[in-house]
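> Please find one structure pasted underneath; my questions will follow.
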Amino acid sequence: MRTILFLGLSLAASCAWSLDNHIQNSLGMKFVLIPPGEFVMGSDESAEALAQHYPQYDHKRFVELSDEGPAHKVRITHPFYLGQYEVTVGEFRRFVEASGYLPESEADGTGGYGYNPDYDPAKSSRGDAFEGRNQKYSWRNPGFPQGEHHPVVNVTWNDAVAMCKWLSKTEGRTYRLPTEAEWEYAGRAGTRTRYYSGDDPQSLLSAANVFDTDAAKNWQQWRKFALDGPDGFAFTAPVGSFAPNAFGLYDIHGNAWEWTADWHDDRYYSYSPVDDPQGPTTGTVRVRRGGSWHTWSFYARSSYRNWNSQDTRYTLVGMRLLREAD
């Protein structure tokens with residue numbers, strides 16, 4: 001047990017909750033207590049500064065990041081529990097079997113995306129790195145081997161919300177996806193650097209499963225964007241294979257993109273409230289964070305924002321759940 005004090009917040013400093021540091025739920029999922037606090041969300045790095053540190057990228061990539069700013073103060077006023085790991089294949093399987101839920105990659109008959117060594121991105125209409133959508137791919141099969149402890153992928157935002165609703169009803173506790181602010185606050189864990197491991201992309205070799213020389217063997221056309229070294233995994237890694245951040249969370253960077261609760265809006269940071277921002281009230285796409293095993297290091301930064309429609313299922317996209325500390 002530990003006592004969490006709300007120092008520096010509007011509540012009196014003497015106000016405290018006594019909460020377990022770690023909990024485990026009915027599916028065997030482990031959660032870490034994240035205390036309330038303040039941080040600076042987003043990034044104010046200039047395109048010129050980024051170009052100096054990521055010389056292999058086209059300059060236009062750096063001028064397309066307006067949604068990362070302005071950097072602004074955010075205050076998280078309540079503690080919450082966040083998944084210590086990304087939701088695994090085994091945990092998602094237990095949810096599906098216990099609930100009877102049919103994930104969208106199977107329910108709508110269109111499947112998902114997957115790795116096929118014979119597939120040529122240059123010959124596809126979109127130039128996508130993966131084959132799909134195809135019925136042979138789903139959360140059960142992303143085209144490469146996965147064990148029960150690998151992060152589940154090819155899951156939609158709607159799948160993630162369904163899992164949260166089922167857990168909430170089953171356990172009598174509130175589960176949901178984290179807001180963008182909660183995700184970045186927990187992911188940074190007190191840091192202001194590009195990654196919780198520092199500013200240098202090479203620091204990710206010990207902290208994250210991103211695009212490196214192992215993954216680049218299958219995509220030589222993008223070799224220049226790979227980290228200079230192997231991390232031991234050409235595809236997803238078992239969760240918890242790399243060093244955690246200061247809050248004890250694993251795979252914040254890499255392994256699988258993680259859905260958040262928020263709609264995306266390029267301008268949201270300019271009018272976002274300080275206390276517990278919930279994201280725009282409407283939108284067309286949901287934000288995902290953190291990067292994946294196939295993500296170039298630049299796009300795995302703590303401040304980077306990406307998005308997809310709610311029914312998107314992709315071989316790089318998974319989830320991490322939040323349980324409210326009520």
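The values are calculated or read from the model by the stated rules, or taken from the named source; none is laboratory data. Not measured: the values here are computed from a predicted model. With ideal geometry, Cβ positions are generated from the backbone for all residues, glycine too; neighbour counts draw on all protein chains shown. Heavy atoms of the whole protein, side chains included, go into the accessibility calculation; ligands, DNA and RNA do not. Shrake-Rupley method; radii C 1.70, N 1.55, O 1.52, S 1.80 Å.
> Tell me, what ³J(HN,Hα) does each residue in region 47-56 have, in order and in whole Hz, if you take phi through Karplus 6.51 cos²θ - 1.76 cosθ + 1.60 with θ = phi - 60° and put x for Gly and Pro?
4, 5, 5, 5, 4, 5, 8, 10, x, 7
> Next question, about the same structure. Expressed as a whole percent, how much of the Cα-Cα distance distribution for region 216-301 exceeds 23 Å? Numbers along the way, then the final one.
Numbers: 1419 of 3655 pairs.
Of all Cα-Cα pairs in region 216-301, 39 percent lie more than 23 Å apart.
> Can you tell me the FRET efficiency between V285 and T110 if r is taken as the Cβ-Cβ distance and R0 is 22 Å, rounded to the nearest 0.05? List each step's numbers first, then the result.
Details: r = 19 Å, r/R0 = 0.84.
So the FRET efficiency works out to roughly 0.75.
> Please give the per residue accessible area of the chain, computed with a probe of 1.4 Å over protein heavy atoms only, in Å².
Values: 13430 Å² over 326 residues.
With the other protein chains kept in place, the chain gives 41 Å² per residue.
> Give the carbon-plus-sulfur fraction of the accessible surface of the chain in %, rounded to a whole number; probe 1.4 Å, heavy atoms of protein chains only. Please list the in-between numbers first.
Details: 6640 of 13430 Å².
Carbon-and-sulfur percentage of accessible area, whole number: 49.
> Starting from 0 in steps of 5 Å, tell me what percent of the Cα-Cα pairs of region 30-121 lands in each bin.
3, 9, 9, 10, 10, 12, 17, 18, 9, 3, 0
> Please work out whether region 72-229 counts as rounded, prolate or oblate from its C-alpha gyration tensor, where a ≥ b ≥ c are the square roots of the eigenvalues and a/c under 1.5 means rounded, while otherwise a/b larger than b/c means prolate and anything else oblate? Present the calculation step by step, with values, prior to reporting the outcome.
On the way: a/c = 2.16, a/b = 1.08, b/c = 2.00.
Here region 72-229 falls in the oblate category.
> Starting at the first residue of region 82-90, write each ³J(HN,Hα) from the Karplus equation 6.51 cos²θ - 1.76 cosθ + 1.60 with θ = phi - 60°, in whole Hz, x for Gly and Pro.
Here the 3J(HN,Hα) series is 10, x, 5, 10, 5, 4, 8, 4, x Hz.
> Return the long-range amide H neighbours of D262 (sequence gap of 5 or more, or a different chain), with a cut-off of under 5 Å between placed amide H atoms.
So D262 has HN proximity to E180, V287.
> Near the amide H of I34, under 5 Å away, which other amide H atoms are found, from residues 5 or more places off or on another chain, if H is placed in the peptide plane?
F80, Y81, L82
> Specify whether the C-alpha gyration tensor of the chain places it in the rounded, prolate or oblate class, a ≥ b ≥ c being the square roots of the eigenvalues: rounded for a/c under 1.5, otherwise prolate if a/b is larger than b/c and oblate if not.
On the way: a/c = 1.62, a/b = 1.17, b/c = 1.38.
Here the chain falls in the oblate category.
> Calculated FRET efficiency, K73 and K136, Cβ-Cβ r, R0 51 Å, to nearest 0.05?
On the way: r = 47 Å, r/R0 = 0.93.
Step by step, r from the Cβ atoms, then E = 0.60.
> Work out the FRET efficiency for W222 and K169 from their Cβ-Cβ distance, taking R0 = 45 Å, and round it to the nearest 0.05. Each step should come with its number before you reach the end.
Values: r = 43 Å, r/R0 = 0.96.
Once the sixth-power term is evaluated, E becomes 0.55.
> At 7 Å along Cα-to-Cβ for each site, give me the label-to-label distance between V63 and T191 in nm.
Here the answer is 3.0 nm between the modelled labels.
> Work out, step by step, the length gained on full extension between D120 and S46: first 0.36 nm times the residue separation, then minus their alpha carbon distance; give nm to one decimal. Don't skip to the end; give the middle numbers.
On the way: separation 74, 0.36 × 74 = 26.64 nm, distance 3.53 nm.
My answer for the length gained is 23.1 nm.
> May I ask you to rank Y137, Y314 by accessible area, largest first, using a 1.4 Å probe over the protein chains only? All intermediate terms of the calculation are to be shown ahead of the outcome.
Details: Y137 5, Y314 35 Å².
Greatest to least solvent exposure: Y314, Y137.
> Given DSSP loops and a limit of at most 14 other Cβ atoms within 10 Å, what is the longest stretch of the chain that contains no such trypsin sites (Lys or Arg not before Pro)? Display every interim value, and only then the final one.
Working: sites that count: R126, K136, R192, K217, R267.
With a cap of 14 other Cβ atoms within 10 Å, the longest stretch comes to 1-125.
> If ligands, DNA and RNA are left out, what is the accessible area of W166 with a 1.4 Å probe, given in Å² to the nearest 10?
60 Å²
> Would you mind checking which residues have amide H under 5 Å from Q310's amide H? H placed 1.01 Å from N; only 5 or more apart, or other chain.
Close amide H contacts, sequence-distant or interchain: R286.
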